[in-house]
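Here the structure is laid out as structure tokens; the discussion comes afterwards.
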Amino acid sequence: MARALVMLLALCLAFGVQAKEAAPAAEDPVLEARVSALSAELRCLVCQNQSIAESNAALAVDLRNQVREQLRAGRSEAQIVDYMVERYGDFVLFRPRFKASTLALWLGPMLLLAVGLVLLYRRLARRRSADEGELSEAEHARAARLLGAGGDKEPR
Amino acid sequence: MTSNTLPMPRLLVPLGIFVVLVILLGVGLTLNPREVPSPLIGKRAPAFSLPQLRAPEKSFSPSDMAGKVWVLNVWASWCPPCLEEHPHITALAEKKIAPVVGLNYKDEPQDAVRWLTRHGDPYLLSATDLKGQIGIDYGVYGVPETYVIDQRGIIRYKKIGPVTPDTLQKKILPLIEELRRG
């Protein structure tokens with residue numbers, strides 16, 4: 001009986017400890033959600049294909065804390081993005097801003113698509129006009145001769 | 001004979017596109033994706049005031065260097081590439097054309113002092129950035145990093161990763177000479 005009680009107590013303690021460890025994240029779920037959402041937009045420069053939300057590199061942890069502190073201090077998402085770009089450049093943004101130096105990046109694919117469509121259209125138009133062309137007298141005669149010649153002889 | 005009946009020019013178009021693509025991709029392979037252009041070039045070096053590593057009661061601020069061309073080198077005792085560049089940073093300091101200030105980044109001060117004692121201390125002084133907050137202001141994301149700052153406190157050059165004899169001879173030293181001439 002005593003042993004069972006001790007076990008129960010130990011179990012309760014264990015749960016108690018767990019609850020305590022989980023506390024910081026639940027402290028302010030709204031803030032944490034904003035931190036995660038903004039962190040997912042920012043590239044971790046140490047491990048370049050991860051966002052600072054995914055990465056556990058020391059710098060990513062620092063930058064996440066930076067995001068959390070600044071949000072807590074009442075700064076807006078846009079202000080924090082500016083803060084990061086001032087220090088690390090456009091490269092920290094997974095979705096680069098639309099400006100002169102990123103024009104080719106944003107418009108390049110659309111330009112290529114447009115050029116491709118124009119070329120395709122011109123090609124199809126040319127083919128259609130070639131198909132519609134009437135045969136001349138000489139061509140009719142030549143076609144008849146070829147067909148006739150094919151019909152007269154036995155295939156080898 | 002029209003060009004349509006000649007197969008050559010039509011074949012050359014895809015071939016040309018292919019060659020251009022290969023050249024573009026080839027150049028891309030030789031670039032280092034870690035060397036992100038810093039937005040800080042041409043901007044004022046962010047202000048800070050940090051305790052000095054060897055004299056924690058004294059502080060260092062970039063404004064202390066006003067009127068001088070100087071070098072800020074971010075280093076840490078836990079960073080192997082810092083040791084790799086250490087002889088070249090020492091060579092730069094020994095030229096005595098520009099003081100080299102260390103920014104000891106997220107390091108234990110005892111470890112940092114021990115590292116300097118063991119390998120030599122080329123720095124005029126090192127400032128202690130325990131939490132890496134100043135590192136964030138300077139856009140540091142890989143130690144070591146090296147900044148050349150002019151007389152007016154403007155960052156003129158940034159090297160990410162270890163300084164090599166090549167960058168020292170071709171970039172840093174000529175730039176310092178040029179800035180010193182005014």
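For the reader, a short list of remarks on this structure follows.
- On Cα atoms only, tilt of B:80-94 relative to the major axis of chain B in degrees: 70 degrees
- Whole-Hz Karplus values for region A:96-106 come out as x, 6, 8, 8, 3, 6, 10, 4, 4, 5, 7 Hz, taken residue by residue from phi with 6.51 cos²θ - 1.76 cosθ + 1.60 and θ = phi - 60°; glycine and proline positions read x.
- Against the compact-protein benchmark of 2.2 N^0.38 Å, the Cα-based radius of gyration of chain B scales to 1.41.
- Using alpha-carbon coordinates, inclination of helix B:109-119 to the longest axis of chain B, degrees: 80 degrees
- Peptide B:138-146 - average C-beta neighbours from other chains (10 Å radius): 3
- FRET efficiency for B:GLN133 and A:ALA100, using Cβ-Cβ distance with R0 set to 41 Å, rounded to 0.05: 0.80
- As a rough footprinting exposure proxy, the listed residues B:VAL100, B:VAL19, B:VAL163 were ranked by other beta carbons within 10 Å of their own, and the order from fewest upward is B:VAL19, B:VAL100, B:VAL163.
- Region B:106-182: Cα Rg divided by the 2.2 N^0.38 Å rule of thumb: 1.23
- All distinct Cα pairs of region A:65-107 go into the 1/r average, and the inverse of that average, the Kirkwood radius, is 11.5 Å.
- Under DSSP loop assignment and at most 16 Cβ neighbours within 10 Å, longest trypsin sites (Lys or Arg not before Pro)-free interval of chain B: B:97-130
- Loop-located GluC sites (Glu not before Pro) in region A:36-87, at most 15 other Cβ atoms within 10 Å (DSSP): A:GLU54
- Extension gain, B:ARG181 to B:VAL19, is 53.8 nm, computed as 0.36 nm per intervening residue step minus the present C-alpha separation.
- Nearest 10 degrees, 0 to 90: helix B:7-30 Cα axis against chain B principal axis: 10 degrees
- Equivalent ellipsoid dimensions for the protein assembly as shown as semi-axes, Å, which come from the Cα gyration tensor, largest first: 62, 35, 20
- Efficiency of FRET between A:ARG127 and A:LEU107 - r from beta-carbon atoms, R0 35 angstrom, step 0.05: 0.70
- At an R0 of 51 angstrom, the distance between the Cβ atoms of A:GLU77 and A:LEU119 translates into a FRET efficiency of 0.75.
Where a number appears in this text, it was derived from the coordinates with a stated rule and is not lab data. Values in this document were obtained by computation on a predicted structure and should not be read as measured data. Backbone-built Cβ (ideal geometry, glycine too); neighbour counts: all protein chains shown.
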